[in-house]
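Undergrad: Here's a structure for you.
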Amino acid sequence: MKKHSNRLLGNMSKPSAFVRIPKERVGVLVGADGKMKRHIEEKLSVELQIESESGGVTAVLDEKATDPSLLFRAKDVVTAIGRGFAPEHALRLIRDEETIFDLIDLRDTFGRSESDIKRVKGRIIGMNGKTRRLIEELSSADMVVYGHTVGLIGTFEQVNIARSAVQMLIGGSQHHTVYRFLQRKRSELKKQMLELWEKPEDEK
């Protein structure tokens, strides 16, 4: 107990963030021979203190770090892996500053009703994963349905489109209505990108 208290006390002088992930995902976060953990620590200037038995993860910002936002990015990477994302997808959050992580907790809508959560997860995933794949393809966001959550990784625009599609399905919209929405949004994004590409340099 004393050792645990000292560790917490030692962190008080450094910015830190805590997140709890499912115990079965701790091994994925650590990686083979600790490789994934070290990669996150090196790239984001943090120390990850992992409690394997509880799934608790404390990210402590290195005292030499000059960007405090690295701490929140580390928390997002840890949470993304904890909520089912493969490490290579979660690492988009490190490689690209424009990439964000978003989490939809189905319990916010259905409480702890396992039957309702299971039903809506089925709608979001679709037959043989069709709906999930279409949401990913048409929004260009990565999506994982894991336990009681839906995780999204992409640019702000990509995540916003995917989140809207998921919320429509949660709200009871028909699948074909959601697919039309996604196709329309994809067309709008393509048009915006084309217009931006065609603008003269001095107007960008």
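Undergrad: Treat the count of other C-beta atoms within 10 Å as a stand-in for reagent exposure and order Leu194, Leu189, Leu169 from fewest to most.
TA: Ordered by Cβ neighbours within 10 Å, fewest first: Leu194, Leu189, Leu169.
Undergrad: Taking 8 Å as the Cα distance limit and 6 or more residues as the minimum spacing, I'd like the relative contact order of the chain as a percentage.
TA: 16 percent.
Undergrad: Order these by the 10 Å Cβ neighbour count, fewest first: Ser54, Ser139, Ser115, Ser173.
TA: In increasing order of surrounding Cβ atoms, one gets Ser115, Ser54, Ser173, Ser139.
Undergrad: Now, a different point. Which trypsin sites (Lys or Arg not before Pro) in region 44-143 sit in a loop by DSSP (not H, G, I, E or B) and have at most 11 other Cβ atoms within 10 Å of their own Cβ?
TA: Lys64, Arg112
Undergrad: Right, here's the next one. Would you mind calculating the gained length between His39 and Asp108 on full extension (0.36 nm times residue separation, minus the Cα-Cα distance), in nm to one decimal?
TA: Here the segment from His39 to Asp108 would lengthen by 21.5 nm.
Undergrad: For region 137-154, take each phi angle, set θ = phi - 60°, evaluate the Karplus expression 6.51 cos²θ - 1.76 cosθ + 1.60, and give the result in whole Hz per residue in order, putting x for glycine and proline.
TA: Result, rounded to whole Hz: 5, 7, 9, 6, 9, 7, 9, 9, 9, 9, x, 9, 10, 10, x, 10, 9, x.
Undergrad: Rank these for me by crowding, Thr131, Thr66, going from fewest to most other beta carbons within 10 Å.
TA: Least crowded to most crowded, the residues run Thr66, Thr131.
Undergrad: With labels modelled as points extended 7 Å from the Cα through the Cβ direction, what inter-label distance (nm, one decimal) is found for His176 paired with Glu51?
TA: Distance between label points: 5.2 nm.
Coordinate-derived values only; no laboratory data. This is a predicted model, so every value here is computed, not measured. Backbone-built Cβ (ideal geometry, glycine too); neighbour counts: all protein chains shown.
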